[in-house]
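Here, each number is a calculation from the coordinates, and none is a lab measurement. This structure is a prediction, so every number in the text was calculated from the model and none was measured. Heads up, the Cβs are rebuilt from the backbone with ideal geometry, glycines too, and the neighbour counts pull from every protein chain shown.
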Amino acid sequence: MSNPDNEMVVRQFVDALNDGDLTTIADILADEASWHLHGTLPVAGHYEGRDAVLNDFLSQGLGLYEPGSLKIELTSIVSDGPTVAIEWHATGRSARGNLYDNEYALFFHLTDGKIAAIREYCDTLHVNDALYG
């Protein structure tokens, strides 16, 4: 069953990420939050705990972009109980000057109105070519 409250939290998360507002992101993440990105990218892996998500994953990932260039457009959102699935379209310019344009699917698990887990899927070959290559 759709859960508008959880969808609102995820929308706030996306807005905060778009604004580079790590304070709001920290408030939205549960203490035990995790983020998992499959693949072999240097940033790929499992990050456990709010501090690891913020300081290890997000700071590393956001540092790959020219400051202020990353734009995320939420294109779809679906929820069922504690799970919210979204798609977003990300564009920007890498710190190396390459254009970035990628589609993502993310699955969020929420507990008590906070994001407890995120699983991210995207075209990792494009990430590698545009952001690392």
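In order along region 8-21, the phi-based Karplus estimate (6.51 cos²θ - 1.76 cosθ + 1.60, θ = phi - 60°) of 3J(HN,Hα) comes to 5, 4, 5, 4, 4, 4, 4, 4, 5, 5, 4, 8, x, 8 Hz; Gly and Pro are listed as x. Semi-axes of the equivalent ellipsoid for the chain, computed as √(5λ) from the eigenvalues of its C-alpha gyration tensor and ordered from largest down, come to 24, 15, 14 Å.
Taking every alpha-carbon pair under 8 Å whose residues sit at least 6 apart, region 20-82 reaches a relative contact order of 23 percent.
In the chain, helical runs assigned H by DSSP with n ≥ 4 each contribute -39500 (n - 2.57); averaged across all residues and rounded to the nearest 500, the mean residue ellipticity at 222 nm is -6000 deg cm²/dmol.
Sparse packing (at most 13 other Cβ atoms within 10 Å of the Cβ) combined with a DSSP loop state is found for none of the chymotrypsin sites (Phe, Trp or Tyr not before Pro) in region 42-133.
Between the C-alpha center of region 54-73 and that of region 21-46 there is a gap of 12 Å.
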